[in-house]
1. Under the condition of being within 11 Å of the ligand (Cβ to nearest atom) and hydrophobic (A, V, I, L, M, F, W, C), which residue from region 60-91 is surrounded by the fewest Cβ atoms within 10 Å (Cβ to Cβ)?
2. What residue, of THR159, THR127, THR134, is assigned to a loop (DSSP other than H, G, I, E, B) and more than 7 Å from the ligand (Cβ to nearest atom)?
3. Among the residues that make up region 105-112, is at least one of them assigned to a loop (DSSP other than H, G, I, E, B), near the ligand (Cβ under 8 Å from one of its atoms) and not assigned by TED's automatic domain parsing to the domain that holds PRO353?
4. Is it fair to say THR189 is part of a strand (DSSP E or B), among the hydroxyl-bearing types (Ser, Thr, Tyr) and without any contact (Cβ under 8 Å) to a residue 60 or more places away in the chain?
5. What residue, among those in region 155-179 that are crowded, with 21+ Cβ neighbours inside 10 Å and among the β-branched types (Val, Ile, Thr), is farthest from THR131 (Cα to Cα)?
6. Pull up region 321-345, narrow it to residues that are in contact with a strand residue (DSSP E or B) (Cβ under 6 Å, 6 or more places away or on another chain) and at pLDDT below 95, then point me to the one that is farthest from the ligand (Cβ to nearest atom).
7. Identify the residue in region 137-148 that is touching a Phe, Trp or Tyr at 6+ places or on another chain (Cβ under 8 Å) and of a type outside the set (Val, Ile, Thr) and, among all such residues, is nearest to the ligand (Cβ to nearest atom).
8. Condition (residue is within 13 Å of the ligand (Cβ to nearest atom) and within 22 Å of PHE172 (Cα to Cα)) applied to region 402-411: is it met by at least one residue?
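The values are calculated or read from the model by the stated rules, or taken from the named source; none is laboratory data. Owing to the predicted nature of the structure, the values given are computational and were not obtained by experimental measurement. Cβ coordinates were reconstructed from backbone atoms using ideal geometry, including for glycine residues, and neighbour counts include every protein chain displayed.
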Amino acid sequence: MAGTSRTASRTANTWRNWAGNVTARPVREVMPASAEELAEAVREAAADGLKVKPAGTGHSFTAAAVTDGVLIRPDLLTGIRQIDRAAGTVTVEAGTPLKRLNVALAREGLSLTNMGDIMEQTVAGATSTGTHGTGRDSAATAAQILAMELVLADGSLLTCSDKGTAEERAVFAAARVGIGALGVVTAITFAVEPLFLLTAREEPMSFDRVTAGFDALHAENEHFEFYWFPHTGNCNTKRNNRSAGPAAPPGRVSAWVEDELLSNGVFQVACSVGRAFPAAVPAIAKVSSRALSARTYTDIPYKVFTSPRRVRFMEMEYAVPREAAVTALREVKALIERSPLRVSFPVEVRTAPADDITLSTASGRDTAYIAVHLYRGTPYQAYFTAVERIMIAHGGRPHWGKVHTRDAEYLAGVYPRFAEFTALRDRLDPQRLFANDYLRRVLGE
Ligand SMILES: Cc1cc2nc3c(=O)[nH]c(=O)nc-3n(C[C@H](O)[C@H](O)[C@H](O)COP(=O)(O)OP(=O)(O)OC[C@H]3O[C@@H](n4cnc5c(N)ncnc54)[C@H](O)[C@@H]3O)c2cc1C
């Protein structure tokens, strides 16, 4: 083996994802501390005839980060490279966890515009699969990228943005949601803005009221989302809008009761009981869907958008055209009501405006996301398969990091620019250094 680099390298242990449904046994793992070390590790792997795959924090439910070759760990490729206040940008190392970025930005009086539900993931891992929150005007985390730096399969370092050569612009269009197929991202430049306040309004609402008013709720709020509790007609809605302040964080007791006790502690117990006694799930759902109460609070963005998720689950999420969301959700409700399925986890509905990223789930179309979850250890195939059938009928695009069964043939039909992505992959990685079984399925050989 060519293993002469200074990059921390060791025989790998078994790698596991957060949900515990995916494992990998790479030949070796490396922990580069710079773009140069990472490029060297890529060249060495190629020389040894091994595949290469970078992992983030393993928060994907799909085998996107799995390799039997060289696993690149993100742990030492972290930190803020540069903050440019005048330009409104921050450049971060690819392995930086979102929580570290959020805290560092807040200390500087800055923030990302929009984000997902949690902030454990690395910046490169999150953006590579199209991680998103909910937004009327602001899109996924990857859509906030202004420039990125990647190590390509030939070991060279490329910086790209929507300026530059035609090839650099083509890479930028695709690599923001690159599913690890085009190169290893080493740094990302995000657009940031002065820190702002968001007022969150959480309010229980009936399923009929939310679905009837979905278009208006979406149009009237900067960030609207809701959860429907299967086996009930109950939803919990969340409206986040910018506020002139003052900050009014949830009281400690309220935050603990809602975020820790109900959303994690009691929910964990309820899920365990439901898994052991599926017949009890509808009764538990009726109680737990009523336990959450209306509340309003005002805080900085990451404290409003994200919350801790300690209850482990499996998840599938589909992006459908926004106008199909209510029909698709009603079909999911009818499916659960007429089947023996017992579903202990709420169904989450979010939105995103169309973006211009080649394989973003919101590429070129205004989107609604419908996500289904089940407590870890509960058989999920029957539920996910039945829901997937509904989503496919609506031209659904699966989240790249969440459970799904779609292949390249299907995906080529729902992404108008699919061939543009695979042609770029052919140019950048003709030997398929970055291939794995997952990419073979979703992109083809
Ligand atoms: C509890 C929980 C909550 C979640 N909430 C949301 C949410 O609100 N919204 C949402 O959209 N998703 C959500 N997800 C999904 C999650 O954001 C994505 O799966 C994300 O990709 C995970 O990031 P990661 O850092 O763990 O990357 P990993 O899962 O480890 O890797 C994901 C992909 O990125 C690639 N990758 C990693 N690093 C690099 C790099 N440096 N260069 C190139 N490719 C790279 C990997 O090879 C792999 O293909 C959630 C997941 C969990 C478990």
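1. Residue satisfying both the conditions and the ranking: ALA63.
2. Sole residue among the options that is assigned to a loop (DSSP other than H, G, I, E, B) and more than 7 Å from the ligand (Cβ to nearest atom): THR134.
3. No, there is no match, as no residue in region 105-112 is assigned to a loop (DSSP other than H, G, I, E, B), near the ligand (Cβ under 8 Å from one of its atoms) and not assigned by TED's automatic domain parsing to the domain that holds PRO353.
4. No.
5. VAL171
6. The residue in question is SER344.
7. Per the criteria, the residue is MET148.
8. No, the conditions are met nowhere in region 402-411.
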